[in-house]
Amino acid sequence: MKIKRQKQAKKTISFYKYNFSFREPFQILIDGTFCQAALKNKIQIKEQMPKYLMGEVQLCTTNCALKELETIGKQLYGAKIILQKFQVRKCAHLKNPVPASECLLSMLEETNPHHYFVATQDHAVTAGLKKIPGVPLLYIILNTIVLDKPSQTSLNHVQAVQLGELVTPAQQQSIRNLKEEQGIKDRERRGKKRKRKQSNPNPLSCLKKKKKGVPTPSLKKTEPGEKRKRSRRKRRKAAGGDNTAAPAVSNT
C-alpha cells in the first residue's frame with residue numbers, strides 16, 4: 001500500500017512540475033490543524049515529508065496561524081510548539097491578524113505564484129484551494145501523509161493552456177525575458193509619449209532667397225597686332241533672281 005501511495009504521489013508531483021513549474025525545494029505551507037493531526041498520529045513532519053515527496057522541502061507557516069494557536073491556549077499547545085519550529089512567511093495581516101484559513105488562502109492569491117504546497121486539515125481551506133489552479137494539497141489520514149490528486153480547476157486550466165486559450169505564468173515570464181533581451185519594451189510600461197516642445201523657427205530659414213544673375217557671355221578682345229577677322233555671310237537669292245548680299249556684321 002505504501003508503494004502504491006508513493007507512485008501516485010510521484011505522478012501528481014510530475015503533473016505540477018510539468019504544468020505549473022514547481023521546483024525543489026518544495027515550499028510546504030502548514031497550519032495548526034495539520035500539526036495537531038501529526039501530533040495525534042505520531043508523525044514526524046520534518047522526517048517523513050521529504051521522503052514522501054521524494055525531494056528537498058522547506059516547511060513554513062504564517063504569523064496568523066501562530067497567533068490563532070496562541071489564542072486557543074493549552075488545547076493546541078503541542079501543535080504550537082511544532083509550528084514554531086518552521087519558517088514564518090510574511091503575510092499582509094501583520095498588524096491585524098486574521099483566521100489561519102483566510103490567511104493561507106490570501107498567500108496563494110489567484111494563481112499560487114510562489115508555488116506553495118498547502119498542508120491542512122481545515123475543510124474551509126480545502127474548499128478554497130480547489131478553486132485555485134496549481135495548488136497541491138496535503139492532509140493526514142490515520143497515520144499517513146497523503147498528497148491529494150489535482151483538482152478539477154487545475155485540470156481545466158491545463159487543458160485550456162494546451163488548447164491555446166491561456167498562457168501559463170512560466171510562459172509569460174519567458175516572453176518578458178525574451179523581450180528584455182531583444183530590447184523590446186511593453187507598451188504598458190512605456191506610458192504616454194512625451195510631447196515635443198514648440199521651438200521658434202530658425203531666423204536664417206525665413207530670409208528670402210537671392211536671385212542668381214544670368215552670366216553675360218564675355219566678348220573676345222583682339223590683341224594688338226592681330227588682324228580683325230571679318231565675318232562673311234552667304235548671299236541668298238531673292239525672289240526675282242537677283243543676288244542680294246546680307247549685311248556684314250563687324251566684330252566691333
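The values are calculated or read from the model by the stated rules, or taken from the named source; none is laboratory data. Bear in mind that the values here come from a model prediction, so they are computed numbers and not experimental data. Don't worry about glycine lacking a Cβ; one is built from the backbone with ideal geometry, like all the others, and counts go over all protein chains shown. To get the accessible areas, we keep the full protein, side chains included, count just its heavy atoms, and leave off ligands, DNA and RNA. Shrake-Rupley method; radii C 1.70, N 1.55, O 1.52, S 1.80 Å.
If the condition is being hydroxyl-bearing (Ser, Thr, Tyr) and in contact (Cβ under 8 Å) with a residue 24 or more places away in the chain, then region 48-101 contributes TYR52, THR61, THR62, SER101.
Quick check on my filter: what residues within region 1-23 are surrounded by 13 or more Cβ atoms within 10 Å (Cβ to Cβ) and outside any helix (DSSP H, G or I)? SER21, PHE22 - these are the residues of region 1-23 that are surrounded by 13 or more Cβ atoms within 10 Å (Cβ to Cβ) and outside any helix (DSSP H, G or I).
Which strands (runs of 3 or more DSSP E) sit wholly inside region 52-167 and have at least 2 residues that are open to solvent by 10 Å² or more (accessible area, probe 1.4 Å) and out of contact with any His (no Cβ under 6 Å at 6 or more places or on another chain)?
Qualifying strands (runs of 3 or more DSSP E): 57-62, 87-89, 137-141, 144-147.
Among the residues of region 33-44, those identified as in contact (Cβ under 8 Å) with a residue 24 or more places away in the chain and open to solvent by 10 Å² or more (accessible area, probe 1.4 Å) are THR33, GLN36, ALA37, LEU39, ASN41, LYS42, ILE43.
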